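Heads up, the thing below is written out as structure tokens.
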Amino acid sequence: MFEIIFTGGEGGNEVIITGEDGAEANLKNIIDGKQTMTAYKAIKNEATVTVELGEALIKGEKPDSSFISNSNWGFDCTYDTSTYNNGTENVPSYILVPTVVTKDNLQKELVDTGYYRMENGYPKLN
């Protein structure tokens, strides 16, 4: 997914291209200077929340905001009770806080964490 942002101010407009989820093509564009950043949420973190929520529900628990504070996650997550509505009611949601990945922190945030490896100068999913 791409997003194009036009910024205005003194000196004219600038076009900033951003993305979401760290697709390999987007990361290549970041390294090549064609894209500014991507908002990245690690699939491993999404899976962790999903599995732990599923386990709580199977046990008959009703997870709420304390579910996050009682977790041992090493990533940020928020609890939202007002944004998502299924047409009948607001659906409580656990939202992972994305990491902004740029050319300057791509190595630290994606490669050093083991999610990606560098191959021919570009990140590839592990």
How long is the gain from Lys28 to Thr81 if the chain were fully straight, where each residue apart is worth 0.36 nm and the alpha carbon distance is subtracted?
15.5 nm
Could you work out how far helix 43-58 tilts from the main Cα principal axis of the chain, as a 0 to 90 degree angle to the nearest 10?
10 degrees
Tell me, in nm to one decimal, what length is gained between Ala47 and Lys124 on full extension, where the rule is 0.36 nm per residue of separation less the Cα-Cα distance?
25.7 nm
Hey, if you drop one equal point scatterer on each alpha-carbon of the range 6-126 and run the Debye formula without solvent, what base-10 log of I(q)/I(0) do you get at q = 0.15, 0.17 Å⁻¹?
-0.83, -0.94
Using packing as a proxy for protection, rank 71-81, 41-51 so that the peptide with the highest average count of other Cβ atoms within 10 Å comes first.
41-51, 71-81
Can you tell me what share of the DSSP beta bridges in the chain is antiparallel? A percent to the nearest 5 is fine.
85 percent
If I take R0 = 30 Å and measure r between the Cβ atoms of Thr113 and Asn70 in this structure, what FRET efficiency does the formula 1/(1 + (r/R0)^6) give, to the nearest 0.05?
0.80
Quickly rank 87-100, 21-34 as a protection proxy: mean count of other C-beta atoms within 10 Å, highest first.
21-34, 87-100
Quick calc, Asp21 & Leu57: beta-carbon distance into FRET formula, R0 22 Å, rounding 0.05, result 0.25
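Read-outs throughout are calculated quantities, based only on the coordinates presented, and are distinct from any laboratory measurement. Since we're looking at a predicted model, the values are computed, not measured. Every residue, glycine as well, gets a Cβ built from its backbone with ideal geometry; the counts of neighbours run over all protein chains shown.
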